[in-house]
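Have a look at the structure below, then the notes.
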Amino acid sequence: MKVILLAGGFGTRLAEYTDVIPKPMVPVGGKPILWHIMKTFAHFGHKDFYVALGYKAEVIKEYFLNYRALNSDFTVDLSSGNVIPHQVDPVDWKVTLVHTGDASMTGGRVKRMRHFIGEETCMLTYGDGVADIDLDALLAFHRSHGRMVTVSAVRPAARFGELEIDGSRVSNFQEKPQLHEGWINGGFFVIEPTFFDLIDGDATMLEREPLEQAVKAGELMAYHHDGFWHCMDTKRDHELLESLWAKGAPWVR
């Protein structure tokens, strides 16, 4: 199944890195977070990627153009110019890189991918969030209900410790627990081609009119993912993902 990856935003809350590279290229464990997301899809057999580019598109294009060299050892014969690769990274992905405009909103970027997707069901996610989501179960859920869009609902870790207080006495303390309420949009969508018709153009935010219209029409369903999920919005998020990688990243399959 084709997979759209939104990788064109400015990443202003991660300016420590994004002044130089786009947010999807910020490394975790030495690999761009975009690569980690793609590895999740590839694990479930979804290896046909369509990357919607914008800010610093050339950095992502150069990475995939030079993927073999960047991810393997090699010998260069300077007399002939021949390159002999060693220890080649064994990926069999097809990656289509599409510049969808520097200033386009998320919906506009999705709309511009329709030419490449055609009249097929496809998957869609953001270029900054990792999860141990079961994509087979997500797809089965989508097919079971027959609606236009499925969004993965997640419950993120709280930013601060949670206190339960009885009068003035703390009866329970949990440091950064998973929230018991408040499901949020975790990305990892499955969409039918009719959804493209709900997007007006470049100025449209995916999370506003298109999804709101789907809700009103009863065409948006939620797949509940109770496992690990984390997005990389800030330097603190990046540091957390790096620390998790060092311990054995929960999103790796």
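The values are calculated or read from the model by the stated rules, or taken from the named source; none is laboratory data. For clarity, every value in this text was computed on a predicted model and none was experimentally measured. Virtual Cβ from ideal backbone geometry, glycine too; neighbours counted across all protein chains shown.
Is at least one residue of segment 63-78 within 26 Å of LEU138 (Cα to Cα) and touching a residue at least 24 places away in the same chain (Cβ under 8 Å)? It would help to see each step written out before you state the result.
The first filter runs over segment 63-78 and keeps only residues within 26 Å of LEU138 (Cα to Cα), leaving none.
Within segment 63-78 (the criterion being within 26 Å of LEU138 (Cα to Cα) and touching a residue at least 24 places away in the same chain (Cβ under 8 Å)), the answer is no, since none of the residues qualifies.
Conditions first: (1) at pLDDT 95 or above; (2) under 16 Å from the mean Cα position of the chain (by Cα); (3) assigned to a loop (DSSP other than H, G, I, E, B). PHE10 passes all but one, so which condition is the exception?
(1)
Got a sec? Which of HIS46, HIS36 is part of a loop (DSSP other than H, G, I, E, B) and under 17 Å from the mean Cα position of the chain (by Cα)?
On the way: HIS36 fails: part of a loop (DSSP other than H, G, I, E, B).
Being part of a loop (DSSP other than H, G, I, E, B) and under 17 Å from the mean Cα position of the chain (by Cα) holds for just one of HIS46, HIS36, which is HIS46.
Can we say LYS94 is out of contact with any Leu (no Cβ under 7 Å at 6 or more places or on another chain), crowded, with 19+ Cβ neighbours inside 10 Å and among the basic types (Lys, Arg)?
On the way: out of contact with any Leu (no Cβ under 7 Å at 6 or more places or on another chain): yes; crowded, with 19+ Cβ neighbours inside 10 Å: no; among the basic types (Lys, Arg): yes.
Here the answer is no, as LYS94 does not meet what is asked.
Can you say whether VAL110 is within 19 Å of VAL59 (Cβ to Cβ) and either assigned to a loop (DSSP other than H, G, I, E, B) or in contact (Cβ under 8 Å) with a residue 12 or more places away in the chain (or both), as far as the supplied structure shows? Break it down into steps so the answer makes sense when it comes.
Working: within 19 Å of VAL59 (Cβ to Cβ): no; either assigned to a loop (DSSP other than H, G, I, E, B) or in contact (Cβ under 8 Å) with a residue 12 or more places away in the chain (or both): yes.
When the stated conditions are applied, VAL110 does not pass them.
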